[in-house]
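**Q** So that we are looking at the same thing, I have put the structure below in structure tokens.
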Amino acid sequence: MLQPEVPQASAEGTAAGIRRGDCIICYSAYDLTAHLPRRLYCGHTFCQACVRRLDMPAHEQRWIPCPQCRQSTPTPRGGVAMLDLDLAAFLAIKAEREPSRVEPRSHMPVKGSVPITRQPAVFCPTLGPQPHFPQPGCCCWGCGHLCWNPPSSPEV
């Protein structure tokens, strides 16, 4: 009897030809619409379309059995769409789909531009009168003369 070909597991533990961003049930790449990566309570992740197909009633409640470990996850009241997203997979998909918002900065000056070495005087307001600080040997703030002289020798 012929056996169906099953992809061989690689060193990383995933089937050959399956990327980390693929659902292991349907082999579709996760996306931002029907194949959102949904995480079950056991921690395994599958696309939303496959999780919907797994959703089944049992004992007056709906359950989603994990196809990897068989742990059951209760279906949330709002349905499969209310399960947590696998945030790492979701953000990876979003980063692939959306263009980068941060433009790389060039450290090289633009050809023909003049490097700025000092700030223009127009933008530097003139400073008003500066505070007076006591000079060494002065006992007060702003008297302008030496009014404290330490004794040179003790009187006997």
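The values are calculated or read from the model by the stated rules, or taken from the named source; none is laboratory data. These numbers come from a predicted model, not from an experiment. Every residue, glycine among them, receives a Cβ derived from its backbone with ideal geometry; neighbour counts consider all protein chains shown. Note: accessible area is taken over every heavy atom of the protein model, side chains too, but ligands, DNA and RNA are not part of it. Shrake-Rupley method; radii C 1.70, N 1.55, O 1.52, S 1.80 Å.
**Q** I'd like to know if the range 98-119 contains one or more residues that are under 25 Å from TYR27 (Cα atoms), at pLDDT below 85, open to solvent by 60 Å² or more (accessible area, probe 1.4 Å) and not aromatic (Phe, Trp, Tyr). It would help to see each step written out before you state the result.
**A** Of the residues in the range 98-119, the ones under 25 Å from TYR27 (Cα atoms) are 98.
In the following step, the residues that additionally are at pLDDT below 85 were identified as 98.
So of that shortlist, the ones also open to solvent by 60 Å² or more (accessible area, probe 1.4 Å) come out as 98.
If we keep only those that are not aromatic (Phe, Trp, Tyr) too, we end up with 98.
Yes - at least one qualifying residue is present in the range 98-119.
**Q** Here is a list of conditions, (1) open to solvent by 30 Å² or more (accessible area, probe 1.4 Å); (2) part of a strand (DSSP E or B), and CYS69 meets all of them except one; can you say which number that is?
**A** (2)
**Q** Among the residues of the range 73-90, are any in contact with a His (Cβ under 8 Å, 6 or more places away or on another chain) and within 17 Å of GLY21 (Cβ to Cβ)? Explain how you work it out, then say what you get.
**A** Kept after step one, since they are in contact with a His (Cβ under 8 Å, 6 or more places away or on another chain), are these residues of the range 73-90: none.
Within the range 73-90 (the criterion being in contact with a His (Cβ under 8 Å, 6 or more places away or on another chain) and within 17 Å of GLY21 (Cβ to Cβ)), the answer is no, since none of the residues qualifies.
**Q** While we're here: Identify, from the list ARG38, ARG62, the residue that is under 30 Å from the mean Cα position of the chain (by Cα), modelled with pLDDT of 90 or more and outside any loop (DSSP other than H, G, I, E, B). Break it down stepwise before answering.
**A** Details: ARG62 fails: under 30 Å from the mean Cα position of the chain (by Cα).
One residue alone meets the criteria, ARG38.
**Q** Just the residues that are modelled with pLDDT under 95 and in a loop (DSSP other than H, G, I, E, B), please, taken from the range 44-59.
**A** Of everything in the range 44-59, those that are modelled with pLDDT under 95 and in a loop (DSSP other than H, G, I, E, B) turn out to be ASP55, HIS59.
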